[in-house]
1. Based on this model, can you work out whether L253 counts as in contact with a Gly (Cβ under 6 Å, 6 or more places away or on another chain) and closer than 28 Å to R239 by Cα?
2. Out of the range 144-165, which residues are of a type in the set (A, V, I, L, M) and within 13 Å of ligand 2 (Cβ to nearest atom)?
3. Which pairs do you get when a residue that is within 10 Å of ligand 1 (Cβ to nearest atom), found in the range 46-62, comes within reach of a residue that is in a helix (DSSP H, G or I) and small (G, A, S), reach meaning Cβ atoms under 7 angstrom, with the pair 6+ apart or on two chains?
4. Hey, any hits in the range 128-143 for a residue that's closer than 22 Å to S28 by Cβ and more than 15 Å from ligand 2 (Cβ to nearest atom)?
5. Would you tally the residues in the range 87-121 being surrounded by fewer than 19 Cβ atoms within 10 Å (Cβ to Cβ) and closer than 15 Å to I201 by Cα?
6. Looking only at residues that are more than 26 Å from the chain's Cα centre (by Cα) and of a type in the set (D, E) in the range 10-45, which one is nearest to ligand 2 (Cβ to nearest atom)?
7. For the range 90-126, give me each residue that is free of Cβ contacts under 8 Å to residues at least 40 places away in the same chain, part of a helix (DSSP H, G or I) and not hydrophobic (A, V, I, L, M, F, W, C).
8. Kindly indicate which of T45, T72, T39 is surrounded by 14 or more Cβ atoms within 10 Å (Cβ to Cβ), among the β-branched types (V, I, T) and modelled with pLDDT under 75.
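The values are calculated or read from the model by the stated rules, or taken from the named source; none is laboratory data. Worth saying up front: this structure is predicted, and the values here are computed from it rather than measured. In this analysis, Cβ positions are derived from the backbone assuming ideal geometry, glycine residues included, and neighbour counts consider all displayed protein chains.
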Amino acid sequence: EEPDEDFSEQAELSDYKLLNKIGEGAFSRVFRATPQRDTSKAFLTRNFSEVAVKVISKKHLTSQKDSKSKATSKEQVLKEVAIHKAVSSSKNIVTFVDFQETQNYYFIVQELLAGGEIFGEIVRLTYFSEDLSRHVIKQLALAVKDMHSQGIVHRDIKPENLLFERIEHIPSSQPKLRKSDDPKTKQDEGVFRPGVGGGGIGVVKLADFGLSKQIYSTNTKTPCGTVGYTAPEVVKDERYSMQVDMWGIGCVLYTVLCGFPPFYDERVDVLTEKISRGEYTFLRPWWDEISDGAKYAVRKLLEVDPEKRYDIDEFLADPWLNQYDCLRQQTL
Ligand code: ADP
Ligand code: MG
């Protein structure tokens, strides 16, 4: 992919040379870039040889008052940066490197995760084995744990916002994951054959804090704002709002295990209705070979009542999530 037609981003950006475009979101374009040795924060503080630069054009920004508009606002960009900085030290969160505001752009410089989106791996492999699913979801859960313990909710957990580093698998220690007579085993070969398709999934990190929100203050662990006069539904709302990430983890877990999402309909109103009732099934034949332990974890995450739904500590203690992880053993 070529950089922008006129490439005016590069003219305004200091210390980094933009290379190819590697991603795109609703309001942003993301480029692979190289830090300049002498001046860039990436090189001085981290020794990164490559970075990812998220470019947000001010042209598409609106004032926050224009809340019905789909466009993002300056306040939102600054909030995204503040939250990204706050959670950046987590092992399973994309490291924040640098931020620049210029006349026409915001630039958020981050560690590059060269593997790209987990979404792309689902497309490539059709679906993941249970071991590979566990390997990915465990790291997602650790990222969410680090956010929630700081009172921050991500609110946009999906395979597009989960990035990874590729590793080569050690061929001799590859487990056989599904019955060899299953036509679906093709994809497992894809996962484990070293050197084919560029290897497997190593470190997984959560990205994109564009919708993230601070719910509890970091020091006091109490809700933001004055507590004494707060209505019970507001207190509950704040407690439950962390649970949206658990639903998101449930959707990602379901999707990696079978290759399609738990809720889908082309008509948005029908889809919304299905979600609000929690209407999903373990569709045959795709779910036939998936273990009861994995299904139990999905059920506890895709629980409509946020109070009954797994919270992050409960999920981290889930038996299926804590089964022996042969992939993690080799890679981390
Ligand atoms: P948006 O808020 O517009 O969704 P994201 O931060 O999610 O923007 O970035 C859009 C896409 O760019 C991601 O889905 C991913 O494909 C790619 N991307 C973003 N950050 C990185 C990164 N650090 N390393 C590699 N790819 C990235
Ligand atoms: Mg995104």
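1. Answer is no for this residue.
2. I157, L162, L163
3. V51/A42
4. no
5. 4
6. Ranking the qualifying residues of the range 10-45, first place goes to E12.
7. The one that is free of Cβ contacts under 8 Å to residues at least 40 places away in the same chain, part of a helix (DSSP H, G or I) and not hydrophobic (A, V, I, L, M, F, W, C): G120.
8. T72
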